[in-house]
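Undergrad: Sending over a structure as structure tokens; questions will come in a sec.
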Amino acid sequence: MRRLRLPLAVLLALSLLAAACSDDSGGDGAETPDDGAPSDGGDDGAGGDDGTTDDGDDTAAGDDSGDPRGRVPATFTSHVSAGQVTVTGAEPGTELGLSGRQGVVQTGVVDELGNLLFREVEPGEGWFVLDETQDPVMTSDPLAVPALDDHPDAEWFAAQQFPTEFAIDDVGTWEGYGYIETRDGTLLAATVRLPGPPEDGPYPTVVEYSGYDPASPYAIEPAINIYGLLGWATVGVNMRGSGCSGGAYDYFEPLQTIDGYDMIETIAAQDWVYENKVGMVGISYSGISQLFVAQTQPPSLAAITPISVIEDSYRSVVYPGGIYNNGFAKSWGDSRQGANDAYGQGWVNDRIAEGDTVCDDNQLLRSQNQDLSATTSEFSYYPGEDIDYLSPRLFVDQITVPTFLAGAWQDEQTGGRFATMLDEFTGTDVFLAHVYNGAHADSLGPASLLAATELLSVYVADRDPVFDPLLRAGAPLLYTDVFGVPAQLPADNFASRDEAIAHYEAGPTVTVFIENGGNPDALGAPVPRGQAAFGGWPVEESEARTFSLGDMAGGESVGEFLVDVAQSQELTKEADDDGDEFENLDWALLEAGEALVFETDAFTEDLLLLGTGRVSLSIMADEADADLEVTITEVRPDGYEMYVQSGWLRASHRALDEGESSETLPWHVHSEESAEELPEGEFTQVDVEIFPAGHVFRAGSKLRLIVDSPGGNRNLWAFDVLPNDGTAVQVDPAASTLTLPFVSGVDVPEGLSDCEHTRSQPCRMYVAYDNQPVS
């Protein structure tokens, strides 16, 4: 097969621009797993907007005593997976029920293709699928639903030969395409690329796993392509319900997670894999997936390198401050919905046109895909334990392998809140993080790319972490294509593997890059002017400083701003046409009467702001609720104002979890039970979280706090705000405070950072602002 293989730099540039069944006894014609695998075979797919209704507690089913009487065998097929029961071949439009010891606990209507999927089913025996529209009742044979941690034996994984054959392509890579069978029989599409013939291996191996196109044999994802050029074996695998993989799609459902376990163990068992262990690579979707897979602790997973990730699906991206992100979050869900529909990806249709009948068959259950946009837009409150499994912060302590993580404070896609979980990686002895100002793709910048390859070299390849000289020489071309600047890779951090291990195992390291983009040797590129390393998070060296808004300029009296609904859809965009949309941004000036602004005195020393912030506002509004945005900026001595960070809150979501909150981090519950309208005619305290940031305020600069309507400060985030246009929100400065964590004594670069090129921190001319007093 001939495939398109573009130069690495071009592939990376394109990627960055884009980013962002069985019979009644359990068989369905799919190959039955060998001995050692759970006996739940078949292809079930993922949960979704499948028409099912929860009619009671999904209490674990009992034994055959729950068998309905007077039944006739079902004409449809029922199949089990961990936590799910799938029906195929049923009469469209029929209502079916899932019955256990407690009776019927879920019902659903069969879709137009004869499919129905029951999700969140408790493990146990004695489950039945019933068609009670028939007399007598039509029922499946008893079903035993396995648990998520019912892992197959190692021998079962080793019995899979994947792929079945390799062929050399036109650039000398040995490539093989095929399918990895999971414990329930679902087949995941995957492409393997080797630097030489399989018999010349084994090769150190990395895996990329997502719902994008990692398994496509026609193009290569940027992260695994980098490792291919380094002489590694690479494997791209599409998640259940995406690409040519089987099943139905649901965003990071538990089945996708244990599929990851099966995928890792199957790949690692292949003869061409060095030491039968693998690492994981990838940015964003395929970065987040590493966290989900690693929590299952696959024995053959050696290290992970998640970059540009999230810590909480609700708080990080979809509902920042309880306000729906109808910009990036909605557009991402819409794009995934279309791509994961049956035959929704171009390369899928190409495979089928070439005769791939497995890919074709794997499209059949997509009618049970989750409707992401419809689901997320309905979660105006945090559903609690029902979606806790989607919050990496709650499970990263289960990750035990060496981990390198990187992310940007102002990430225009996944946001900067990932940093609030850096202290949760307590299960691994090796944890490194890079944090910096910048954009989503900046985690592939020179320093972070080097750090990721070093970690994988040490723990996956078992070799000295020395970057290949030829590829090092080609790095400036790569970065010129992506960022317009010929940035260089830093020097190797270690001379030997032993030196690296000693450094890694000395304790966690969080490296803060200062003023990415402002380095005069690579203006505009994700290269910092300076850096500082700390031994944990939050950093022990930080000290919380509280400013009373009443003591700041602009805080002389109670003020008010008028709500501007249109601002919720305003984005910061590039001010030039150089192709880099994350430097030289057009950041609009404040409109009179539509904000309240407070400024500190000039700082007398250089201070590094590092962490989350807390703005405690005493507010009163014309309406019973209000959407708030708080933004901190630096007012510089050169006459410019530079963006630092923002935070958001719907005032009715102001209730806090005091156990999770800290002096600089108000942790909001966001539950429907805790929601409370603002009292009429009274001032009420509302604590707004400022997302994590790292920024140097130099002596002579001032800090400005802006309180206004959401919007106008982000590249891709927009907000579905309340329809309160033109109404007033009052703030009492005397009863309001700003608390931020600062580190003093840090060696910072001399002089101010270049305003035009500092990444994702736009500047505008400083203009004094007069607050509107209450009329």
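Undergrad: Between GLU125 and ALA167, how many nm apart are label points set 7 Å from Cα along the C-beta direction?
TA: Computed distance between label sites GLU125 and ALA167 equals 4.9 nm.
Undergrad: What do you get for Rg/Rh of the stretch 459-538 when both radii come from the Cα atoms and Rh is the Kirkwood radius? Present the calculation step by step, with values, prior to reporting the outcome.
TA: Details: Rg = 14.9 Å, Rh = 14.6 Å.
Result: Rg/Rh = 1.03.
Undergrad: Hey, another quick one. In a shell of Cβ-Cβ distance under 15 Å around SER744, excluding SER744 itself, what net charge do Lys and Arg (+1) and Asp and Glu (-1) give?
TA: -4
Undergrad: Once Lys and Arg get +1 and Asp and Glu get -1 on their Cβ, which of LEU740, GLY712, VAL767 lies farthest toward the positive end of the dipole of the stretch 624-775?
TA: Projecting each Cα onto the dipole axis, the largest value belongs to VAL767.
Undergrad: Calculate the all-directions average of the projected area of the stretch 124-186's alpha-carbon convex hull, and give it in nm².
TA: Averaged projected hull area, Cα only: 8.0 nm².
Undergrad: Hey, got the dipole for the chain? About the Cα centre, +1 on K and R Cβ, -1 on D and E Cβ, debye to the nearest 20?
TA: In total the dipole reaches around 2100 debye.
Undergrad: Which is farthest toward the positive dipole end of the chain among PHE513, VAL435, SER661, measuring Cα position about the Cα centre, with Cβ charges +1 (Lys, Arg) and -1 (Asp, Glu)?
TA: Of the listed residues, the answer is PHE513.
Undergrad: A further question on this structure: I need the calculated FRET efficiency for the pair GLU543 and TYR218, taking r as the beta carbon distance and R₀ as 45 Å, to the nearest 0.05. Working shown, then result.
TA: Details: r = 54 Å, r/R0 = 1.20.
Efficiency, rounded to the nearest 0.05: 0.25.
Undergrad: Report, as a whole number in µm² per second, the diffusion coefficient that Stokes-Einstein gives for the stretch 369-495 at 20 °C and 1.002 mPa s using the Kirkwood radius over alpha carbon pairs.
TA: The diffusion coefficient I find is 125 µm²/s.
Undergrad: Separate question: Please work out the average accessible area per residue across the stretch 83-172, using the 1.4 Å probe convention, and give it in Å².
TA: 45
Undergrad: Sum up the charges of everything whose Cβ sits under 14 Å from the Cβ of PRO202, counting Lys and Arg as +1 and Asp and Glu as -1, but leave PRO202 out.
TA: It works out to a net charge of -3.
Undergrad: Quick one, which of [x] 81, 65, 49; [y] 80, 65, 44; [z] 94, 73, 58 is the actual Cα extents along the principal axes in Å calculated for this model?
TA: Matching entry in [x] 81, 65, 49; [y] 80, 65, 44; [z] 94, 73, 58: [y].
Undergrad: Is it possible to state the helix-based mean residue ellipticity at 222 nm for the chain, with each DSSP H run of 4+ residues giving -39500 (n - 2.57), the sum divided by total residues, to the nearest 500 deg cm²/dmol? What is it? Spell out each step's value before the answer.
TA: Details: 12 runs with 119 residues, N = 775.
-4500 deg cm²/dmol, from helical runs alone.
Undergrad: Can you work out the PRE-style zone for ASP200? Point 7 Å along Cα to Cβ, and I want the residues of the stretch 158-180 with backbone N under 16 Å.
TA: 166-176
Undergrad: For the chain, with all protein chains present and a 1.4 Å probe, just round the carbon and sulfur fraction of the accessible area to a whole percent.
TA: 47
Undergrad: Another one. Taking 0.36 nm per intervening residue step and subtracting the Cα-Cα distance, what contour gain separates ALA495 from SER674 on full extension?
TA: The span from ALA495 to SER674 would gain 58.9 nm if fully extended.
The values are calculated or read from the model by the stated rules, or taken from the named source; none is laboratory data. This structure is a prediction, so every number in the text was calculated from the model and none was measured. FYI the Cβ positions are ideal-geometry reconstructions off the backbone, even for glycines, and counts take in every protein chain you see. What goes into the accessible areas is simple: the full protein's heavy atoms, side chains included, and nothing from ligands, DNA or RNA. Shrake-Rupley method; radii C 1.70, N 1.55, O 1.52, S 1.80 Å.
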